Every structure is written in structure tokens, then in C-alpha cells.
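Just below is one structure, and these are the notes that go with it.
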Amino acid sequence: MIDNIILRTLRERRSIRKYRDEQITDDELEAVLRAGTFAPTSRGQQSPYVVAVQNVEICGRLRRMNASVMGVESDPYYGAPTIVLVFVPADHPNGLYDGTCVMANMMIAAQAIGLGSCWIHREAEMFATDEGRGLMRAFGLPDGLRGVGALALGYPDGAPADPKPRKDDYTRIVR
């Protein structure tokens, strides 16, 4: 079987649901964000917008907004010190796919440099609200965007869980 650092990184990446309080470094954040910019996008349009939030007050607002959509009081971002939001033009026919590729690239990059990440949902609902649209304006984003998702990002607090076994009929080869 072929094996290399990229294939191992893909196999070893796990969703992290507990983070240390320590903020990641600027270099680490830049590496993750830059990896997102190299994701494939429809016709090379680079339609997504990425916003990394480290401001404690704004992170708190995001935590409350997401928890409200989810109907819980717990922290949907698992205490991660950095929240990375991905947006796409709402009218872009392939925007959701483009944003998804950006998120995947960033999760793989995070794993590769020793950070933990977890894909978080409900950003579409969060940023469809008046409060969400106000935050997007405060972030300097253009009108007409929708949230794709977010990454909880930080240093893992503990070892990740072992991977679940892959299902037997996951792939097929037709020759």
C-alpha cells in the first residue's frame, strides 16, 4: 500500500472536542488559513470568504448564537480559542462545495501542524439573522453571503479518539 506524510495526515485527523485555553500562534493560524486558500473552487473563482475570530467577546457571541440555533446552552465550539468561519455568495451555484473544500483543506493543515479542529455546523442559520448579518458587516464582508460552517481550532486537550473502523462497502472499483 502506498504511504506518505499526506496520506498519514488524512488517516490520523480526528474531530477534536476539547481544547486547551492557550491561543494558537500567528504563524499556525496563517498556515491553516493559507491552506484554505489553495482549495479547489468552481472555475477557479475563489468564491469563499474566511474569517478567523480570536477576539474573546466576539467568540462568546458566536458561541451563544450557535447554541441558540442548536437549542442548547453548551459551547458548540468546544472551548476552542479560535473560530474560523467560512462564507460563500448565497447565489453561487457551487458555493457550498467551494466552501466545503476550503474547510477540508484547513482541517488537514491543522492536523499536519499539530493543531486540533472540528467542523461546526449551523453557521448558515446564525448568519441569516439580523445579528449575524451585523457581524458580517463588522467583519467587512460583502452583502449576499451565507455561512457554510466553522472550524473550532486550537491545541487539543488530550489524545483524540481512535478512528471508527471503515465500513466494508465504502468504496467500489469498476473496471
Exercise for review: Would you be able to tell me the number of residues in region 134-162 that are basic (Lys, Arg) and surrounded by 15 or more Cβ atoms within 10 Å (Cβ to Cβ)?
Suggested key: 1
Revision key, fill the gap. Selection from region 2-46 of residues touching a strand residue (DSSP E or B) at 6+ places or on another chain (Cβ under 8 Å) and either open to solvent by less than 40 Å² (accessible area, probe 1.4 Å) or not in a loop (DSSP other than H, G, I, E, B) (or both) yields Ser15, Ile16, Tyr19, Ile24, Leu29, Val32, Leu33, Gly36, Thr37
Review point. Has region 62-74 got at least one residue that is open to solvent by 10 Å² or more (accessible area, probe 1.4 Å), of a type in the set (Ser, Thr, Tyr) and farther than 17 Å from Met107 by Cβ?
Key: yes
Practice item. Out of the residues in region 47-61 that are touching a residue at least 24 places away in the same chain (Cβ under 8 Å) and over 13 Å from the mean Cα position of the chain (by Cα), state the one that is most open to solvent (accessible area, probe 1.4 Å). Key: Arg61
Point to revise | Count - residues of region 146-158 that are in contact with a Lys or Arg (Cβ under 9 Å, 6 or more places away or on another chain) and more than 19 Å from Leu29 (Cβ to Cβ) | key: 2
Exercise for review: Kindly indicate which of Pro163, Pro76, Pro142 is within 13 Å of the chain's Cα centre (by Cα) and assigned to a loop (DSSP other than H, G, I, E, B).
Suggested key: Pro76
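A quick yes/no check of all residues on (1) under 19 Å from Ser47 (Cα atoms); (2) in contact with a helix residue (DSSP H, G or I) (Cβ under 6 Å, 6 or more places away or on another chain); (3) open to solvent by 10 Å² or more (accessible area, probe 1.4 Å):
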| site | (1), (2), (3) |
| --- | --- |
| Val86 | yes, yes, no |
| Asp91 | yes, no, yes |
| Asn94 | yes, yes, yes |
| Gly99 | yes, no, no |
| Val102 | yes, yes, no |
| Asn105 | yes, yes, yes |
| Ala110 | no, yes, no |
| Gly116 | no, no, no |
| Arg122 | no, yes, yes |
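The values are calculated or read from the model by the stated rules, or taken from the named source; none is laboratory data. Here the structure is a predicted model, which is why all the values come from computation and not from measurement. Glycine gets a Cβ as well: all are built from the backbone with ideal geometry, and neighbour counts include every protein chain shown. Calculation scope for accessible area: heavy atoms of the full protein, side chains included, ligands and nucleic acids excluded. Shrake-Rupley method; radii C 1.70, N 1.55, O 1.52, S 1.80 Å.
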